[in-house]
1. How much of the DSSP beta bridge set in the chain is antiparallel, as a percent to the nearest 5?
2. Work out the length of the dipole vector of region 83-194 about its Cα centre, built from +1 on the beta-carbon of each Lys and Arg and -1 on the beta-carbon of each Asp and Glu, and round it to the nearest 20 debye.
3. Of the candidates M112, M99, M193, which one comes out as most mobile in a Gaussian network treatment of the chain with C-alpha springs shorter than 10 Å?
4. Looking at the chain as a GNM with Cα springs under 10 Å, which of D59, D121, D207 has the largest mean-square fluctuation?
5. Is any helix in the chain, taking whole DSSP H runs, at least 18 angstrom long along its axis by alpha carbon and on average at least 0.0 on the Kyte-Doolittle scale, and which ones?
6. Counting only other residues whose beta carbon sits under 12 Å from that of L25, what net charge do I get with K and R as +1, D and E as -1?
7. Sequence gap at least 6, Cα distance under 8 Å: using those rules, report the relative contact order of the chain to the nearest whole percent.
8. Toward the positive end of the charge dipole of the chain, about the Cα centre and with charges on Cβ (Lys, Arg +1; Asp, Glu -1), which of I27, L188, W14 goes farthest?
Amino acid sequence: MYTLHIGNKNYSSWSLRPWVLMRELNIAFEEKLVPFQEGSSFESFRAFSPTGKVPCLLDGGTVVWESLAITEYLAERHESVWPADPQARAWARCASTEMHAGFTALREQCTMNCGLRVRLDDLPEEVERDIARLIELWAEGRRRFGGPFLAGRSFTAADAFFAPVAFRVQTYDLPLDEDARSYVTRLLALPSMHEWYAEALAEPWRDSAHETFVKGTILQDHRVAHGRSS
């Protein structure tokens, strides 16, 4: 069985991608959550990951790091990871890679913190461009391949790569058109997303670096009371 090492569910958008993909596709795995450490998590994560980062997948003696590499490794063994249609598959890979490498302004301005509700005090132009591109990209995929997911009727890796954005939309109430918001609603309604969210809220850990990254006015905090620091 696969073993997937992840970080805190409240913060770790990179961990969410392979986790939600495997959950939605019923790919069995053992989860090992290692909380972020104050200062640096490098040494604790190096125990299982060559880069000292999460996520990291273990399959027997094979170690696979980086969410995109994990996705491709799984795709070699599970046909449902990418769409069967060649055009949809090519588009899904492009969209996933764009998310993996891009949308930097959005990710930096709106870091993932599932339990919070935040009013942004400012929406920089570069973030507005990222949001506009999201709306355009999601509309293109659902129009071309019939929806309701990005590359057709079924959830695939393309949707997994944008799952963290759905939580960001929920946290920061990002401005989306009706079609994009309906897609976010669909992602948030997935059983795996409900599971991740509930477990994120229940985490007792707080990491000061991730908390400091939050930009804007915190309106609500739905997490359990802070029990102990990581």
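We did not get these values from a lab; they are worked out from the coordinates using the rules stated. Here the structure is a predicted model, which means the values were calculated and not measured. With ideal geometry, Cβ positions are generated from the backbone for all residues, glycine too; neighbour counts draw on all protein chains shown.
1. 70
2. 540
3. M99
4. D121
5. 157-172
6. So the environment of L25 carries a net charge of -1.
7. On the way: 364 pairs, mean separation 59.0, N = 230.
Relative contact order for the chain comes out at 26 percent.
8. The one lying farthest along the dipole's positive direction is I27.
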